[in-house]
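These notes are about the structure you will find just below.
The values are calculated or read from the model by the stated rules, or taken from the named source; none is laboratory data. Model, not experiment: these values are computed from the prediction. Neighbour counts run over all protein chains shown; Cβ positions are idealised from the backbone, glycine included.
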Amino acid sequence: MKWLENKVAIVTGAGNGMGRATALLFAEEGASVVLGDVDEIGGSSAVEEIISSGGKAVFVKCDVSSESEVKNMIATAKREFGGLHTIFNNAGIEQPKIPSVDVTEELFDRVIGVNLKGTFFCCKHAIPLLLESGGGAIVNNSSVSAFANVGGNISYGSSKGAIMSMTRILAIEYSRQNIRVNAICPGVIDTPMNQRNLDLAVDQAATRQMWMDNTPIGRMGTPLEIARTVLYLASDMSSFTTGIGLLIDGGRVAT
Ligand SMILES: NC(=O)c1ccc[n+]([C@@H]2O[C@H](COP(=O)([O-])OP(=O)(O)OC[C@H]3O[C@@H](n4cnc5c(N)ncnc54)[C@H](O)[C@@H]3O)[C@@H](O)[C@H]2O)c1
């Protein structure tokens, strides 16, 4: 049995990292997938990978901080595949670790614009289509930084904390209309984003070691470990779960 047979899914930030792994797993589990990303090369190659494995997928160039581009991405799900059952609001950008007083208005607005406003636009425009389908599941990508101070990235941590609030508000608002809204809260995951974070570190080996030391399981998580958790929250496996932020952090917040 496939968990997303005959379902239509959207994944944002699907060209790389966790989004890409999730789009591939959703397709493997039977979903027709709309992949949204600003990265056309990454997004298109993920679609090619899905189609060559016998799945159904389409790429839409979409900057989630633009409401009109989000509307177009969501309309694509209806136009290409007839509706929508689940959306993984995953697209996000990092903030370089710098003192909070050095964060410019422009940098703060950019991170909040993609991470928080982007998640809002995607929820706002997905909900009417989910209601048309009789309900569905939203999964937002928050972060361990919504629960623990990971230090030095005030716009990023603030955006991820606010995504948790947004998740709870929408979960309660739509709980009687069969829409479940949950978030995942990853710890340190081995993706291009963290490679960029490492590239900025003065001592990469020491930074990587610090990440391991802060993670009781002693390693970085993988995009596939995230994708499996998203599949759980996006499918009927989690039919009695709404309004949560599920930590996938190798024990980080338990310390
Ligand atoms: N990597 C981690 O350790 C970690 C931990 C916790 C949370 N997260 C969150 O997980 C999500 C995915 O992160 P990742 O590590 O896979 O990152 P990544 O950089 O590897 O992939 C992110 C994808 O989002 C796309 N993207 C960026 N801005 C966009 C925009 N405005 N509109 C549409 N797409 C856009 C990128 O092109 C890229 O394909 C992010 O929201 C991130 O904040 C990451």
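Here residue 198 fulfils each of the conditions (1) of a type in the set (A, V, I, L, M, F, W, C); (2) in contact (Cβ under 8 Å) with a residue 40 or more places away in the chain; (3) surrounded by fewer than 17 Cβ atoms within 10 Å (Cβ to Cβ) apart from (2).
Yes/no matrix, rows are residues, columns are (1) in contact (Cβ under 8 Å) with a residue 24 or more places away in the chain; (2) within 15 Å of the ligand (Cβ to nearest atom); (3) within 20 Å of residue 5 (Cα to Cα); (4) of a type in the set (Lys, Arg):
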{"residue": "190", "(1), (2), (3), (4)": "yes, yes, no, no"}
{"residue": "206", "(1), (2), (3), (4)": "no, no, no, no"}
{"residue": "217", "(1), (2), (3), (4)": "yes, yes, no, no"}
{"residue": "230", "(1), (2), (3), (4)": "yes, yes, yes, no"}
{"residue": "236", "(1), (2), (3), (4)": "yes, no, yes, no"}
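Restricting to the stretch 207-235, and then to whatever is among the polar types (S, T, N, Q) and not in a helix (DSSP H, G or I), can you tell me which residue is farthest from residue 19 (Cα to Cα)? So the residue we want is 214.
Is it true that some residue in the stretch 82-96 is within 23 Å of residue 157 (Cβ to Cβ), more than 12 Å from the ligand (Cβ to nearest atom) and surrounded by fewer than 19 Cβ atoms within 10 Å (Cβ to Cβ)? Taking every residue of the stretch 82-96 in turn, at least one turns out to be within 23 Å of residue 157 (Cβ to Cβ), more than 12 Å from the ligand (Cβ to nearest atom) and surrounded by fewer than 19 Cβ atoms within 10 Å (Cβ to Cβ). What are the residues in the stretch 1-30 that are in a loop (DSSP other than H, G, I, E, B), within 13 Å of the ligand (Cβ to nearest atom) and either of a type in the set (Val, Ile, Thr) or buried (at least 24 other Cβ atoms within 10 Å of the Cβ) (or both), if any? Correct list: 13, 14, 15.
Yes or no: the stretch 103-112 includes at least one residue that is without any contact (Cβ under 8 Å) to a residue 24 or more places away in the chain, more than 13 Å from the ligand (Cβ to nearest atom) and not hydroxyl-bearing (Ser, Thr, Tyr). Within the stretch 103-112 (the criterion being without any contact (Cβ under 8 Å) to a residue 24 or more places away in the chain, more than 13 Å from the ligand (Cβ to nearest atom) and not hydroxyl-bearing (Ser, Thr, Tyr)), the answer is yes, since at least one residue qualifies.
For residue 53, the conditions (1) at pLDDT 95 or above; (2) within 15 Å of the ligand (Cβ to nearest atom) all hold with the exception of (2).
Of the residues making up the stretch 136-188, those that are among the polar types (S, T, N, Q) and away from the ligand (no atom under 11 Å from the Cβ) are 149, 155, 158, 165, 167, 175, 177, 178, 182. Among the residues of the stretch 129-147, is any surrounded by fewer than 19 Cβ atoms within 10 Å (Cβ to Cβ) and free of Cβ contacts under 8 Å to residues at least 40 places away in the same chain? Checking the stretch 129-147: not a single residue is surrounded by fewer than 19 Cβ atoms within 10 Å (Cβ to Cβ) and free of Cβ contacts under 8 Å to residues at least 40 places away in the same chain.
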